[in-house]
Amino acid sequence: CIALLTAHTGPQNNPPNACSGIDANFVIDRSFSIGSTELSQMKGGITSFASALAGGSKFSGTQFSTTAEGITTGYQSAATFNAAVNGISTQLFTWTAGGISTGAGNVANDTANPDMMFIVTDGSPNSVVSGDGLPLGDPMTWVNAANAAITAANNARAAGFVVRAVYAGDPDPNLPFTELGGELAFTQAVLTALGGGSYLSGTWDQIAQN
């Protein structure tokens, strides 16, 4: 099924002078496969990241699951963004494409700083449109949803975003690719495509350094 994934654009270098300030556009997975402990860790990591970059940066937030919607009105201060992130709660399916497209449009109050999008997800899309995540036992449900998400990430790159995928949590246990570690392999392939050739993992301190 990995061979059926849409080709991605990229790779992209970090923009020049990114450490002086960026417009950071976060697209955050809140689907059911992100467990409560993982969601708590993800919130802590994202808010710590924003606080570390607060000086010259602004932050936009979009959450996605069965639906996708902004949690900020465009780019805001780190404090406003962090309060919105801490209010995220779990939903159900994983409409990654909707999250990316919604995030790419959540850009009010943008500045002259470089635009970077961080897609924070477990890499397990299962919805092509809002509310559609069935049948979970059909591999093509996941392939089609992944391809929609990769296309949305390609579109974000074409619109001027430097796009980074950030691995959060574990692969969705409903993924129907259990042979030879297929769940993890599929997830890694999706994350790589979303990120334009690579993805970020590890501690949030390490991600901020990168």
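The values are calculated or read from the model by the stated rules, or taken from the named source; none is laboratory data. All of these numbers come straight from a predicted model, not from anything done at the bench. We place every Cβ from the backbone using ideal geometry, glycine too, and count neighbours over all the protein chains shown. All accessible areas refer to the heavy atoms of the entire protein, side chains included, with ligands and DNA or RNA removed. Shrake-Rupley method; radii C 1.70, N 1.55, O 1.52, S 1.80 Å.
Quick rundown of the values:
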{"item": "Verdict on residue 66 being hydroxyl-bearing (Ser, Thr, Tyr) and either more than 17 Å from the chain's Cα centre (by Cα) or farther than 21 Å from residue 163 by Cα (or both)", "result": "yes"}
{"item": "Condition check for residue 196: more than 19 Å from residue 65 (Cβ to Cβ), touching a Lys or Arg at 6+ places or on another chain (Cβ under 9 Å), modelled with pLDDT of 95 or more and outside any strand (DSSP E or B)", "result": "yes"}
{"item": "Residues within region 69-86 that are open to solvent by less than 60 Å² (accessible area, probe 1.4 Å) and either over 17 Å from the mean Cα position of the chain (by Cα) or among the hydrophobic types (A, V, I, L, M, F, W, C) (or both), tallied", "result": "7"}
{"item": "Condition check for residue 182: open to solvent by less than 50 Å² (accessible area, probe 1.4 Å) and more than 18 Å from the chain's Cα centre (by Cα)", "result": "yes"}
{"item": "Residue among 20, 89, 101 that is modelled with pLDDT under 95 and open to solvent by 20 Å² or more (accessible area, probe 1.4 Å)", "result": "20"}
{"item": "Qualifying residue in region 99-115 (condition: in a strand (DSSP E or B) and touching a Lys or Arg at 6+ places or on another chain (Cβ under 6 Å))", "result": "no"}
{"item": "Test set (1) among the polar types (S, T, N, Q); (2) in contact with a helix residue (DSSP H, G or I) (Cβ under 8 Å, 6 or more places away or on another chain); (3) at pLDDT 95 or above; (4) open to solvent by less than 50 Å² (accessible area, probe 1.4 Å) - residue 151 fails condition number", "result": "(4)"}
{"item": "Test for residue 172: is it open to solvent by 30 Å² or more (accessible area, probe 1.4 Å), charged (D, E, K, R) and either part of a loop (DSSP other than H, G, I, E, B) or at pLDDT below 90 (or both)", "result": "no"}
